[in-house]
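First up is the structure itself, then whatever we jot down about it.
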Amino acid sequence: MRLILLILTALVLMTLTAGYLAMVDVFDPIGFKGIFAATMGLMFFGTGLLWVLYSEREKLVKTMQDESKLHSVSGVMNSRTFLKCFSEQLTAARRNRQSYGVLLVGPDEFREINIQMDHSGGDVVLKHIAERIKYVIDEKGLLGHYSGDMFIAGIFDADIETLKKLADNLHEILVSAPYKTKGVTAHLKVSISCASAPPSEYDPEDLLITLIKRLDQAKSKGGNQVIVSDS
């Protein structure tokens, strides 16, 4: 599209230049003035073409950089990108003396989903899970694909009561409606572990270890539940 506009603009420029020269003197299409008009048009076209190629290259580079920050299946931030942003937000929360809530979300027995729907169907379900989590946390939080079938969300200024309500709402939305793909319908059971505390009491690594332990605890108790603690 840009190239077509560029060609049309070059033709218009050549026409206008030739018209101007005709006003000054008798226009000779094979003389100096015609050559001058064509040269001006070609110079403009060449410069514009270089700009188009450069801008398309920059667009491609930006797209590749953006895609490198996202998980290839779910489309949310990959673990590396999330942990970087997560650390920055903890630092900001500590500086502003705000609590910081974190949710670790893990479907129970997701292997059965992969068997029932095959892996491509399981990937679709993971994408739908990410979409439901984004819907719940909205712009209040930061969402990442932590690993495998687990997602992690960081919530600014979330005390334990706020986090518990958010986690319960999220759990209801994740398990209430079935997931459908390739003509197969599946219901999920999901466990969620939560933690909320003044960031000064945690560093990112300790907080993640705590969340994983709590998620394992929830699953060991039968799964499909929310387990939350502020300490």
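Exactly one residue out of Ser87, Ser74 is on the phi < 0 side of the Ramachandran plot and within 12 Å of the chain's Cα centre (by Cα): that is Ser74.
Going through Ile160, Ile192, Ile173 one at a time, which residue ends up being of a type in the set (Val, Ile, Thr), surrounded by fewer than 21 Cβ atoms within 10 Å (Cβ to Cβ) and closer than 14 Å to Gly101 by Cα?
Matching residue, one of Ile160, Ile192, Ile173: Ile160.
Please verify whether Ser79 is under 18 Å from the mean Cα position of the chain (by Cα), closer than 18 Å to Glu205 by Cβ and modelled with pLDDT of 90 or more, treating the condition exactly as stated. Yes: the conditions hold for Ser79.
Based on what the data block shows, is Asn224 at pLDDT 90 or above, in contact with an Asp or Glu (Cβ under 8 Å, 6 or more places away or on another chain) and either over 25 Å from Thr81 (Cβ atoms) or surrounded by fewer than 21 Cβ atoms within 10 Å (Cβ to Cβ) (or both)? Spell out the reasoning first.
Working: at pLDDT 90 or above: yes; in contact with an Asp or Glu (Cβ under 8 Å, 6 or more places away or on another chain): yes; either over 25 Å from Thr81 (Cβ atoms) or surrounded by fewer than 21 Cβ atoms within 10 Å (Cβ to Cβ) (or both): yes.
Criteria met by Asn224.
For the criterion of being under 18 Å from Ser87 (Cα atoms) and in the same structural domain as Tyr100 (by TED's automatic domain parsing), Ile173 fails.
Can you tell me how many residues in the stretch 91-104 are more than 8 Å from Ala153 (Cα to Cα) and either among the small types (Gly, Ala, Ser) or buried (at least 21 other Cβ atoms within 10 Å of the Cβ) (or both)? Break it down into steps so the answer makes sense when it comes.
Going through the stretch 91-104, the residues more than 8 Å from Ala153 (Cα to Cα) turn out to be 91-101.
Retained after the next criterion (residues that are either among the small types (Gly, Ala, Ser) or buried (at least 21 other Cβ atoms within 10 Å of the Cβ) (or both)): 92-93, 99-101.
The number of residues fulfilling the criteria is 5.
When the residues of the stretch 65-90 are narrowed to those that are among the hydroxyl-bearing types (Ser, Thr, Tyr) and either closer than 16 Å to Met150 by Cα or in contact (Cβ under 8 Å) with a residue 12 or more places away in the chain (or both), which ends up surrounded by the most Cβ atoms within 10 Å (Cβ to Cβ)? Going through the qualifying residues, I end up with Ser74.
The values are calculated or read from the model by the stated rules, or taken from the named source; none is laboratory data. As the structure is a computational prediction, the values presented were derived from the model and not from experiment. Reconstructed Cβ throughout: ideal geometry from the backbone, glycine too, with neighbour counts over all protein chains shown.
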